[in-house]
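The values are calculated or read from the model by the stated rules, or taken from the named source; none is laboratory data. Predicted, not measured: the structure shown is a model, and the values here were computed from it. Cβ coordinates were reconstructed from backbone atoms using ideal geometry, including for glycine residues, and neighbour counts include every protein chain displayed. SASA here: full protein model, heavy atoms, side chains in, ligands and nucleic acids out. Shrake-Rupley method; radii C 1.70, N 1.55, O 1.52, S 1.80 Å.
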Amino acid sequence: MGGFFGITSTEDCMMDVFFGVDYHSHLGTRRGGLAAYDPGVGLQRKIHNIENAPFRTKFLHIFDEMVGTSAIGVISDTDPQPMLIRSHLGTYAICSVGIINNAEELIERHLKHSYGHFDAMTGGKVNSTELLAALIDTQSSFAEGIKFAQSIIDGTQNILILLEDGSLIAARDKVGRLPVCIGRSEYGYAVSFESYAYQKLGYEDDRELGPGEIVLLTPTYLKQLAKPGKKKRICSFLWSYYGYPTSTYEGVNVELMRYRNGAIMAHHDQKNLGDINVDYVGGVPDSGTPHAIGYANESSKPFARAFIKYTPTWSRSFMPTNQTDRNKIAKMKQIPVYDLITDKDLLFVDDSIVRGTQLRETVEFLYENGAKSVHMRSACPPIMYGCKYLNFSRNTSDMDLIARRVILELEGEEGFNHIKEYADGSTTRGKNLRKTICGKLKFDSLDFQSLDGIVEAIGLPKCELCTYCWDGEE
């Protein structure tokens, strides 16, 4: 997916932006970039590949190379960013988070009407942030350009721009699928995907932008360029999986949501299954752990970490693109605590079950180390649709999803007309889905959090949440 961070200040801010961007490393693994403005130097930019080394390592010497009283940075899971652009609107740096599904259509339309060109990458692909900038530049101002781009892009675009005078422009996607938070200190303003990133740097919360809202920030003031819209569809998956535990979105903390979510699942099990005979409840690390804590607290079953993920030298960013190699690395990270596995009945909570490949490897690993039984709970409903709004999935087809594949196996394409029933564990189709996945992944039992349950755990109205990956609702 990715995340951005920026500061406009009366003081040099490179150290703060360095750490602010680094605090977004959980959101992406491909590219990291910084752009800075200094009155004596102008705009500067650096981009590095972070697939095999973290942002902090790659940018460790940035203080010898760049200075600035204003700067922006981005962790990107897509194209290299930020881009430096010179247009009739001026010279500026721009970064974005999101996806443009209709990129080819927009590229062709722009080339036809502008007779211009794009810098092409391998295979003729155009950097999505460069395309975004080109769309913005067709209008007479940044605000009008951003609104125009947001209106014709199929997908999601959160935008952060560093202007040649050191001011910033920040814009949230038109329906607010991802957050944009503003912090303030005595020296200026910070813009961030994650609010804790600037809180750790001494900034206090100022506001969270509304859907489609655009603001201009200088060290001394914030000016609204476009008011927020009424429609909001923030991604529910931020709470169940992608969000960092210390993150708060729309006033809802991720860690606390996960505790509530686990407790709701445990209450459901107690109501429908009675007492489940397990020795320990644990989470599939890392993001499954707080869901499991909530489950254990509600069920009065002891929580235990039966295996630990070894990350000092195998960070999340060190994940090969080849699926076989990814599975191998994922398994190598898992270090068992034998006394908590051997001859034990175990229940694990995972943040989600997408393809099921790595989870199967995990269960085999537990049995190889002596587990008597392994029960599994998913902290979200069955994923039925690949996300088309955000870049947080490597899936290229809905048929990559284990729930989809099982439905096809059980009922053929006719089953896709009954997805709602398959998602519901109380129906015959829903029970068959769970039973079949149990057989494939070697679980002793399996259930998924319900859609109503996860909405309850988040605590926001469903109409303000994007639940497309679970129910297909736009």
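Quick notes on this one:
- Area of residue 10 that stays accessible when all protein chains are in place (1.4 Å probe, Å², to 10): 80
- Surface analysis of the chain yields an accessible area of 43 Å² per residue, using protein heavy atoms and a 1.4 Å probe.
- Scanning residues 5 or more positions from residue 376 or on other chains, those with amide H under 5 Å from its amide H are 348, 444, 445, 446, 447, with H placed 1.01 Å from N in the peptide plane.
- Angstrom value of the Kirkwood radius, inverse mean 1/r, which spans all Cα pairs in the range 82-179: 13.6
- Of the listed residues 187, 389, the order by accessible area with a 1.4 Å probe, largest first, is 187, 389.
- Here the range 1-160 is treated as a sphere whose radius is the Kirkwood value from Cα pairs; by Stokes-Einstein at 20 °C and 1.002 mPa s it diffuses with a coefficient of 133 µm²/s.
- Chymotrypsin sites (Phe, Trp or Tyr not before Pro) restricted to the range 219-282 and DSSP loop, no more than 15 other C-beta within 10 Å: 221
- Karplus-based coupling profile of the range 138-154, in residue order and whole Hz: 6, 10, 8, 8, 4, 4, 5, x, 5, 4, 5, 4, 4, 6, 9, 7, 8, with θ = phi - 60° in 6.51 cos²θ - 1.76 cosθ + 1.60 and x standing for Gly or Pro.
- Rg and Dmax of the range 339-397, based on Cα coordinates, read 14.3, 44 Å.
- Residue ranking by accessible heavy-atom surface, 1.4 Å probe, largest first, among 440, 271 comes out as 271, 440.
- Restricting the range 125-190 to GluC sites (Glu not before Pro) in coil, as DSSP defines it, with at most 16 other Cβ within 10 Å: 164, 186
- Pairwise FRET efficiency - residue 338 versus residue 87, Cβ, R0 = 35 Å, nearest 0.05: 0.05
- Computed extension gain for residue 473 through residue 399, at 0.36 nm per residue and net of the alpha carbon distance, reaches 24.8 nm.
- Percent RCO, i.e. relative contact order, over the range 211-270, from Cα pairs under 8 Å lying at least 6 residues apart: 20
- The range 162-306, relative contact order in percent, only Cα pairs under 8 angstrom and at least six apart counted: 18
- Backbone HN-Hα couplings from phi across the range 54-65 [Karplus 6.51/-1.76/1.60, Hz, Gly and Pro as x]: x, 3, 4, 5, 5, 10, 4, 9, 5, 6, 8, 10
- Less than 5 angstrom separates the built amide H of residue 226 from those of 214, all sequence-distant by 5 or more or on a different chain.
- Applying D = kT/(6 pi eta Rh) to the range 373-474, where Rh is the Kirkwood radius over alpha-carbon pairs, T corresponds to 20 °C and eta to 1.002 mPa s, the Stokes-Einstein value obtained is 150 µm²/s.
- Computed accessible area, residue 456, all protein chains, 1.4 angstrom probe, square angstrom: 120
- Taken over the alpha carbons of the range 10-60 as equal point scatterers, the Debye sum produces base-10 log I(q)/I(0) values at 0.17, 0.19, 0.25, 0.28 Å⁻¹ of -0.53, -0.64, -0.97, -1.13.
- Convex hull volume of the Cα atoms of the range 105-253, normalised per residue: 142 Å³.
- Euclidean distance between Cα centres, the range 381-456 to the range 251-280, Å: 20
- Fraction of accessible area attributable to carbon and sulfur, the chain (%, probe 1.4 Å): 49
- The distance from the alpha carbon centre of the range 105-161 to that of the range 75-95 is 11 Å, rounded to a whole number.
- Tilt relative to the chain, helix 103-114 - C-alpha long axis, 0 to 90 degrees, to 10: 20
- Relative to its Kirkwood radius, the Cα radius of gyration of the chain gives an Rg/Rh of 0.99.
- In Å², nearest 10: area of residue 153 left accessible to a 1.4 Å probe: 10
- The range 158-251: trypsin sites (Lys or Arg not before Pro) in DSSP coil with no more than 14 other Cβ atoms inside 10 Å: 200, 230, 231
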